[in-house]
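Can you read through this structure? Questions will come right after.
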Amino acid sequence: MSIQWQEYTLDQVCSITDCQHKTAPTVNYVTPYKMLRTSNIRNGEIDNKNVRFVTEEIYEEWSVRGKLEKDDVILTREAPMGEVGIIKSNEKFFLGQRMLQLKANKSIILPDFLYYSLLAPYLQNQIRMHEGTGSVVSNIRIPDLKKFKIKVPTIKIQERITNILSDLDKKIFINDSMNQTLEDMSMTLYRHWFNELVETDQTKKLKDYIVLNPSITVKKGTVFKFVDMKALPTNQMSVSDEDIIRKEYKSGTKFINEDVLLARITPCLENGKSAYVDFLNEGEVAFGSTEFLVFRSNEHSCPQFLYCLVKDPKFHEFAKQSMVGTSGRQRIQNSVLLEYEMPDLDLDKMRRFQEITNNWFYQVRINTIENQTLRRTRDYLLPRLISGEIEFKEAEKQVEEVL
């Protein structure tokens with residue numbers, strides 16, 4: 001190891017604070033106080049949309065060991081183990097169960113370098129050595145975590161490494177923000193045209209606007225793209241290409257481009273799992289979990305309208321109320337869902353809605369594809385930069401090529 005790099009134990013470079021080992025009581029309305037759960041930390045990113053809210057009193061009580069601040073690093077200690085995120089805003093977050101707060105000692109390590117190091121193989125391999133350590137699920141014990149080894153260069157080198165990686169992450173954030181804005185614009189137009197400005201008392205049913213689970217004939221054993229329930233997003237429109245695999249078709253829901261997918265089982269429906277299919281070629285068929293519902297537009301609707309519909313809180317609540325089954329395994333009743341009452345919508349307005357939002361949905365796909373390239377570049381460079389295996393000029397050249 002270069003004399004510019006030193007090896008420390010993790011507790012030498014940061015303080016480690018455990019969460020409260022009890023569930024915080026939440027409220028069913030929006031407050032400034034947001035609980036982060038393990039499900040909010042995935043692939044190095046924090047989902048700050050699908051959070052649960054608490055009162056100020058609960059926030060203060062659950063933050064008594066230390067409030068989360070900007071540049072604090074979060075590590076999940078179990079279920080799943082080893083997911084990492086970093087706070088990059090001044091929002092009032094606090095930790096749910098099975099999570100840890102890591103606060104960098106900035107005289108030794110930059111918060112971003114700590115964050116990227118925890119994502120890199122050297123520390124992730126130490127985390128994976130704890131697979132199977134829990135009585136029910138794998139977990140990281142804090143005394144063990146404190147002994148984990150971390151390689152740290154000079155602050156000057158840390159700054160150069162984190163600048164390279166953060167340039168990629170900033171562009172990813174910009175694209176994600178643009179996608180969220182485009183989706184918000186679509187939802188605003190949907191509400192304005194199809195909820196607020198409806199000029200008829202005539203009603204129709206959901207079954208008048210969709211084809212539910214349309215029939216597609218494919219041969220068993222044929223290899224197709226496959227989307228499982230875990231890949232269905234809660235906080236974005238598109239399924240990430242990294243989450244799509246290829247496998248032989250045996251059973252499952254089948255779909256094509258411009259179909260809309262909706263999880264029909266608890267808790268996936270409650271968590272908002274849904275997607276607009278935009279990752280297939282023309283005429284290409286894919287399949288997914290048997291717990292998906294597939295919505296296809298008919299002559300009275302359009303794909304963009306159906307995606308907005310499944311994200312509509314009123315529709316979402318109706319879908320939840322239609323569920324039946326044993327606790328923990330409840331599913332939407334298709335026959336009840338199809339009776340969802342809707343206005344008799346103006347066809348010309350529907351076509352205009354499609355013309356406008358089609359461009360927005362297309363831009364979301366372009367941004368999503370770009371982000372996939374950016375993430376691949378970041379994931380290639382991260383372990384090489386953190387370990388000192390790649391020259392800065394070579395890394396900077398690769399970043400320039402994708403930005």
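Values quoted throughout were computed directly from the atomic coordinates according to the rules given, and no laboratory measurement underlies them. All values reported here derive from a predicted model rather than from experimental measurement. All Cβ positions, glycine included, derive from the backbone under ideal geometry; neighbour counts span all protein chains shown.
Are there trypsin sites (Lys or Arg not before Pro) in region 102-208 that DSSP marks as loop and that have at most 16 other Cβ atoms within 10 Å, and which are they?
Values: sites: Lys103, Lys106, Arg128, Arg141, Lys146, Lys147, Lys149, Lys151, Lys156, Arg160, Lys170, Lys171, Arg191, Lys204, Lys205, Lys207; in loops: Lys106, Arg141, Lys147.
When the trypsin sites (Lys or Arg not before Pro) of region 102-208 are filtered for loop state and at most 16 Cβ neighbours within 10 Å, Lys106, Arg141, Lys147 remain.
Given the chain, what percent of its DSSP beta bridges are antiparallel, to the nearest 5?
For the chain, the DSSP antiparallel bridge percentage is about 85.
Moving to a separate point now. If you take the beta carbon distance between Asp379 and Arg65 as r and set R0 to 41 Å, what does 1/(1 + (r/R0)^6) give as a FRET efficiency, to the nearest 0.05?
Values: r = 33 Å, r/R0 = 0.80.
Efficiency for this residue pair is about 0.80.
Please list the non-local residues whose amide H lies under 5 Å from the amide H of Phe279, H modeled 1.01 Å from N, same-chain partners needing a gap of 5 or more.
none
Using 7 Å Cα-to-Cβ label points, what is the Thr188/Arg352 separation (nm, one decimal)?
Modelled inter-label distance: 1.8 nm.
Exactly which GluC sites (Glu not before Pro) in region 178-260 are in a DSSP loop and have at most 13 other Cβ atoms within 10 Å?
The qualifying sites are Glu199.
Points 7 angstrom from Cα along the Cβ direction at Val27 and Phe173: gap in nanometres?
Between Val27 and Phe173, the label points sit 2.9 nm apart.
Does region 5-152 come out rounded, prolate or oblate, given a ≥ b ≥ c as the square roots of the eigenvalues of its C-alpha gyration tensor, rounded meaning a/c under 1.5 and, failing that, prolate meaning a/b above b/c?
Here region 5-152 falls in the prolate category.
Using Cα centres only, tell me the gap between region 148-217 and region 1-68 in whole Å.
23 Å
Report the far tail of the P(r) of region 200-345, meaning the percent of Cα-Cα pairs longer than 22 Å.
37 percent
Now for a different question. Pick from Thr26, Thr162, Thr377: which is most flexible by mean-square fluctuation in a GNM of the chain where alpha carbon atoms under 10 Å apart are linked?
Residue with maximal mean-square fluctuation among Thr26, Thr162, Thr377: Thr26.
Compute the long axis of helix 155-191 from its Cα atoms, compare it with the longest principal axis of the Cα atoms of the chain, and write down the angle in degrees, 0 to 90, nearest 10.
Tilt relative to the chain: about 20 degrees.
DSSP loop (so not H, G, I, E, B), at most 12 other Cβ within 10 Å: list which GluC sites (Glu not before Pro) in region 361-394 pass both filters.
Those that pass, being in a loop and sparsely packed, are Glu389, Glu391.
Enumerate the whole-percent occupancy of each 10 Å bin, from 0 to the last occupied one, for all C-alpha pair distances of the chain.
Bin by bin from 0 Å, the calculated values are 4, 19, 27, 26, 16, 7, 1, 0.
Could you work out how far the C-alpha centroid of region 277-342 sits from that of region 239-272, in angstrom?
Going from one Cα centre to the other spans 11 Å.
When ranked by the protection proxy of mean other Cβ atoms within 10 Å per residue, highest first, what sequence do the peptides 87-99, 259-271 form?
The packing order, highest mean first, is 259-271, 87-99.
Suppose each label sits 7 Å from its Cα in the direction of the beta carbon; what would the Val285-Glu57 distance come out to in nanometres?
Between Val285 and Glu57, the simple spin-label model gives 5.8 nm.
Using Cα pairs closer than 8 Å and at least 6 residues apart in sequence, work out the relative contact order for the chain, in percent.
Computed value for the chain: 16 percent relative contact order.
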